[in-house]
Amino acid sequence: MFQLSKDGLAFVKNELTRYETKRSAVLPALFKAQEENGGWVSPEVVVHLSQVMDIPMSQINEVLTFYTMYNKKPVGKHHIQVCCNISCAMAGAHEMADYLCDKLGVHDGEMTKDGRFTISRAECLGSCDTAPVMQINMDEYIENLTYPKLDQMIKELK
Ligand code: FES
């Protein structure tokens, strides 16, 4: 059964004091819980947050299912999200996502057998002028993607 760490709990409690409504704290609470749950939000996480925040699970699920930055199933150590919105798509992002999937032997959204990679397609990552763009986990952006850059990235992360 999932439980936030002591620090995670303190973080969520503090977020609850920062907003007028408890619902406003759901976004940061989900981020923290996702981080502490190995990169995804399981149903147990939702139950726990509902208890800790004293709000209905439905209000957490509304946020969870709306935003693509929350993972609803386990992801690899390196979750690679290829932006496939209009600017990136026009610059070949779909083909690049297919290339990565073929190279790693997975389908879109699937985790490699060794648990190292998940490739998925994302909505606009907010860097359209440097399309095509991808994000690795929550912190790293790679812009102006090319096939040699993809090869290099996989080599470095393996
Ligand atoms: S369309 Fe890809 S970053 Fe905006």
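The values are calculated or read from the model by the stated rules, or taken from the named source; none is laboratory data. Being a predicted model, the structure only gives us computed values, none of them experimental. Cβ sites come from the backbone with ideal geometry, for glycine too, and all protein chains shown count toward neighbours.
Every condition in (1) out of contact with any strand residue (DSSP E or B) (no Cβ under 9 Å at 6 or more places or on another chain); (2) touching a residue at least 12 places away in the same chain (Cβ under 8 Å); (3) charged (D, E, K, R) is met by Lys73 except one, and the failing one is (1). Of the numbered criteria (1) crowded, with 17+ Cβ neighbours inside 10 Å; (2) under 15 Å from the mean Cα position of the chain (by Cα); (3) under 30 Å from Gln152 (Cβ atoms), the one Ala29 fails is (3).
Every test in (1) more than 30 Å from Val26 (Cα to Cα); (2) touching a Phe, Trp or Tyr at 6+ places or on another chain (Cβ under 7 Å) is passed by Met153 save one, and that test is (2). Leu4 passes every criterion in (1) at pLDDT below 95; (2) assigned to a loop (DSSP other than H, G, I, E, B) apart from (1).
Going through Ile55, Ile119 one at a time, which residue ends up being among the β-branched types (Val, Ile, Thr), free of Cβ contacts under 8 Å to residues at least 40 places away in the same chain and within 30 Å of Leu16 (Cα to Cα)? Before the answer, list the steps.
Numbers: Ile119 fails: within 30 Å of Leu16 (Cα to Cα).
Answer to the check: Ile55.
Scan region 39-63 for residues that are of a type in the set (Ser, Thr, Tyr) and either in contact with a Leu (Cβ under 6 Å, 6 or more places away or on another chain) or buried (at least 16 other Cβ atoms within 10 Å of the Cβ) (or both) and jot them down. Steps first, answer last, please.
Initial filter on region 39-63 (of a type in the set (Ser, Thr, Tyr)): 42, 50, 58.
Residues satisfying the conditions are Ser42, Ser50.
Taking region 139-148 as the range and being touching a helix residue (DSSP H, G or I) at 6+ places or on another chain (Cβ under 8 Å) and either on the phi > 0 side of the Ramachandran plot or modelled with pLDDT under 95 (or both) as the test, only Asn144 passes.
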